[in-house]
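The values are calculated or read from the model by the stated rules, or taken from the named source; none is laboratory data. Please read these numbers as outputs of a predicted model, since none were measured by experiment. Every residue, glycine as well, gets a Cβ built from its backbone with ideal geometry; the counts of neighbours run over all protein chains shown. Quick note on the areas: whole protein, heavy atoms, side chains included, nothing else; ligands and nucleic acids left out. Shrake-Rupley method; radii C 1.70, N 1.55, O 1.52, S 1.80 Å.
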Amino acid sequence: MSFLNMRRITLTASCILIVSQFVYGQSLRSLNNSGVDSYKIKQFVDAEVNFKKGLEKSKDSFELNYNLGDAYYKQQRYDEAIKSFQNSLSHTEDGNLKSKAFHNIGNSLLKSQKIKESVEAYKNSLKLNPGDKETKYNLSYALSLLKQQQDQQQNKNQ
């Protein structure tokens, strides 16, 4: 085989690799965008399906894991939402994104009546983004629920 033929084969293989990576990336983006579009029109099951298809191709996507968590949350499937938001945490180093994930973990825990755990999630969110007013409000609300719960427990014990 001549040097020229080897060069052509290498060039062809490189082109195929580049094109396949482009198509692969496009399909992930397309699946995420389709999921977001479905989410926006409150078709949360369809959104879930698209996000899951994307995660089959790339489990280490923060955006897909986070968006899947949102789709679960809107379907009131809080335990699954928590797992998706937790999965998203390990796929970013961005403190602001992690803060949003912890905030949504807190919301999911609160809806699941796991008040003490929600307080911890909100605190973790605020460590990363101390100025987030919505998380501060949610933490305050969760703390008041926790105090009510403790007061009720104390009254039962008396």
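Report the residue count in segment 99-120 for those that are within 14 Å of the chain's Cα centre (by Cα) and open to solvent by less than 70 Å² (accessible area, probe 1.4 Å). So that I can check it myself, show each step before the final result.
Narrowing segment 99-120 to residues within 14 Å of the chain's Cα centre (by Cα): 99-108.
This time we only want the ones that are open to solvent by less than 70 Å² (accessible area, probe 1.4 Å), so: 99, 101-108.
Residues flagged as within 14 Å of the chain's Cα centre (by Cα) and open to solvent by less than 70 Å² (accessible area, probe 1.4 Å) within segment 99-120 amount to 9.
Applying a threshold of 7 Å to beta carbon distances and a minimum spacing of six or more residues, or different chains, the list of pairs starting in segment 131-157 at a residue that is touching a residue at least 12 places away in the same chain (Cβ under 8 Å) and ending at one that is of a type in the set (K, R) reads L139/K123; L146/K116.
Taking the conditions exactly as written (open to solvent by 80 Å² or more (accessible area, probe 1.4 Å), modelled with pLDDT of 95 or more and either in a helix (DSSP H, G or I) or of a type in the set (S, T, Y) (or both)), does K136 satisfy them or not? Taking the combined requirement at face value, the residue satisfies it.
Taking segment 84-98, which residues are buried (at least 20 other Cβ atoms within 10 Å of the Cβ) and among the polar types (S, T, N, Q)? Within segment 84-98, S84, N87, S88 qualify. The helices (runs of 4 or more DSSP H) found wholly in segment 1-92 and carrying at least 2 residues that are of a type in the set (A, V, I, L, M), in contact with a Ser or Thr (Cβ under 6 Å, 6 or more places away or on another chain) and at pLDDT 95 or above occupy 78-89. The single residue among A142, A121 that is part of a helix (DSSP H, G or I), out of contact with any His (no Cβ under 8 Å at 6 or more places or on another chain) and either under 24 Å from R77 (Cα atoms) or hydroxyl-bearing (S, T, Y) (or both) turns out to be A142. Has segment 107-123 got any residue that is more than 22 Å from K42 (Cα to Cα) and either of a type in the set (G, A, S) or touching a strand residue (DSSP E or B) at 6+ places or on another chain (Cβ under 8 Å) (or both)? Yes, because at least one residue in segment 107-123 is more than 22 Å from K42 (Cα to Cα) and either of a type in the set (G, A, S) or touching a strand residue (DSSP E or B) at 6+ places or on another chain (Cβ under 8 Å) (or both).
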